[in-house]
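Heads up: the structure comes next, in structure tokens.
The values are calculated or read from the model by the stated rules, or taken from the named source; none is laboratory data. As the structure is a computational prediction, the values presented were derived from the model and not from experiment. All Cβ positions, even for glycine, are placed from backbone atoms using ideal geometry, and neighbour counts span all protein chains on display. Side chains included, ligands, DNA and RNA excluded: accessible areas come from the protein's heavy atoms. Shrake-Rupley method; radii C 1.70, N 1.55, O 1.52, S 1.80 Å.
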Amino acid sequence: MAARAVRTSLLAAAERPGERIAYRHVAAGLRRAIAAGRYPAGQRLPTEAELVAATGLSRQTVRRAFQELASEGVIYRIRGRGTFAVPGDGKYLRSFGSVDDLMALSLDTEMQVVEPLHVLASLDAADQLQVADDMVMAMSFLRLHEGAPFCFTRVHLPMELGRRLRELPELADLAETGARGRITVISLVERVSDRPIHSALQNATAEVATADISRRLGCGTGLPVLRIDRLYRDRELRPLELAVNHFNPDRYSYRLQLRRVDPDGTDRGTR
């Protein structure tokens, strides 16, 4: 019964353009089903052939979705028996190996606005974004999984890029505190910028939770939280966006997926 429900939910993946994107929808659908407990210990997940038949996608696309989940430690395979879910601890788990992986966060999480996009004076953000004065556009929000907040993010943008972002209909729907949407800011920045995002400089550290952050994330004041700052840049390393993220370690587990690169420069991906 659970397998049938998951196959039905995955049919939407076949309606979305591009195999490169479709495998992420398949992986997200399976990830949600596993998190919801639809595949308890010993119950097999649908096979590649079953998902190909259900979605109309290629076997290669479905296989890539399984590979992503395996690299995250969400599933495991037993030869001759099938694919099974790894018992979880209730935390939201994702493995990130590229900017595209970060853009795909909206597939199985939701944004809830804390502060809509607005003008902010910030010397530190302006310095990192390399803008002429101290004025930037900023926005803060919670990232939710299954309705529970696991990350609090403050995004900072150069003024011109922020003005373009504000004209998008998706941002009009997120103009009030508490509004929710299934988007990522970096995917919107990619749409409005004439300089595509090429890389992200990331810094991760532990930080004591302030009263404000602990209240928003539902964790104890003074306890350590994970802080990850990401500075998104174009091909010439010019800054496009600064995102400061605080994660509740009781609800989130961060994994970095490392890839091998062949001598000819080809990304070998995760094996």
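At-a-glance table
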{"quantity": "Any hit, the stretch 225-234, residues being part of a loop (DSSP other than H, G, I, E, B) and over 24 Å from LEU144 (Cβ atoms)", "calculated": "yes"}
{"quantity": "Which numbered condition CYS151 fails, given (1) part of a strand (DSSP E or B); (2) over 27 Å from ALA35 (Cβ atoms); (3) within 22 Å of the chain's Cα centre (by Cα)", "calculated": "(2)"}
{"quantity": "Pairs, first open to solvent by 30 Å² or more (accessible area, probe 1.4 Å) in the stretch 213-237, second assigned to a loop (DSSP other than H, G, I, E, B) and β-branched (Val, Ile, Thr), C-beta under 9 Å, six or more apart", "calculated": "ARG215/THR221; THR221/THR210; GLY222/THR210; ARG233/ILE197"}
{"quantity": "Tally of residues being farther than 30 Å from GLU160 by Cα, open to solvent by less than 80 Å² (accessible area, probe 1.4 Å) and of a type in the set (Val, Ile, Thr) across the stretch 188-212", "calculated": "2"}
{"quantity": "Every pair of residues 6+ apart whose Cβ atoms lie under 6 Å, when the first sits in the stretch 107-130 and is within 14 Å of VAL185 (Cα to Cα) while the second is open to solvent by less than 50 Å² (accessible area, probe 1.4 Å) and among the basic types (Lys, Arg)", "calculated": "LEU107/ARG24; THR109/ARG143"}
{"quantity": "Any hit, the stretch 172-187, residues being surrounded by fewer than 18 Cβ atoms within 10 Å (Cβ to Cβ), closer than 14 Å to GLU241 by Cα and within 22 Å of the chain's Cα centre (by Cα)", "calculated": "yes"}
{"quantity": "Yes/no for ALA138 being in a loop (DSSP other than H, G, I, E, B) and either over 19 Å from ASP108 (Cβ atoms) or touching a Pro at 6+ places or on another chain (Cβ under 7 Å) (or both)", "calculated": "no"}
{"quantity": "Selection status of LEU144, in a strand (DSSP E or B) and not β-branched (Val, Ile, Thr)", "calculated": "yes"}
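A quick yes/no check of all residues on (1) at pLDDT 90 or above; (2) open to solvent by less than 10 Å² (accessible area, probe 1.4 Å); (3) more than 24 Å from LEU105 (Cα to Cα):
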| site | (1), (2), (3) |
| --- | --- |
| GLY42 | no, no, yes |
| LEU45 | yes, yes, no |
| ALA49 | yes, no, yes |
| LEU57 | no, no, no |
| PHE66 | no, yes, no |
| SER71 | no, no, no |
| VAL74 | no, no, no |
| ARG77 | no, no, yes |
| ARG81 | no, no, yes |
